[in-house]
Amino acid sequence: MFLSKDAEVLSKALNIRRLSFLTFWGNFDVFRMHLPSLQEKLVELTKYYNGFILGEVYYCFITYLLIFNR
């Protein structure tokens, strides 16, 4: 199935939003072992995309900062 570029960007942005939601409201110990790889992928996304995805990536990083301050 081939998607347009806009649909792909929207899909990635929504998945990042879901990741932020799950890490904020879920048990952080579950995500702790995967945190380095998640952060690596988020940083990789900032290099290739801009606009809507970049905002969602920053939202996800803010969520991580909030979790560390709990």
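The values are calculated or read from the model by the stated rules, or taken from the named source; none is laboratory data. Please read all numbers here as calculations on a predicted model, not as lab measurements. Backbone-built Cβ (ideal geometry, glycine too); neighbour counts: all protein chains shown. The area values use the complete protein model at the heavy-atom level, side chains included, leaving out ligands, DNA and RNA. Shrake-Rupley method; radii C 1.70, N 1.55, O 1.52, S 1.80 Å.
Computed with a 1.4 Å probe over protein heavy atoms only, the accessible surface of the chain comes to 76 Å² per residue.
Placing +1 at every Lys and Arg Cβ and -1 at every Asp and Glu Cβ, with all other atoms neutral, what dipole size does the chain have around its Cα centre, in debye to the nearest 20?
Details: 8 positive and 6 negative charges, 18 e Å.
Computed about the Cα centre, the dipole is about 80 debye.
For the chain, the fraction of 1.4 Å probe accessible surface lying on carbon and sulfur atoms is 63 percent.
According to the Kirkwood expression over distinct Cα-Cα pairs, how big is the hydrodynamic radius of the chain, in Å? Can you show the working numbers first?
Working: mean 1/r = 0.0791 Å⁻¹.
One decimal place: 12.6 Å for the Kirkwood radius.
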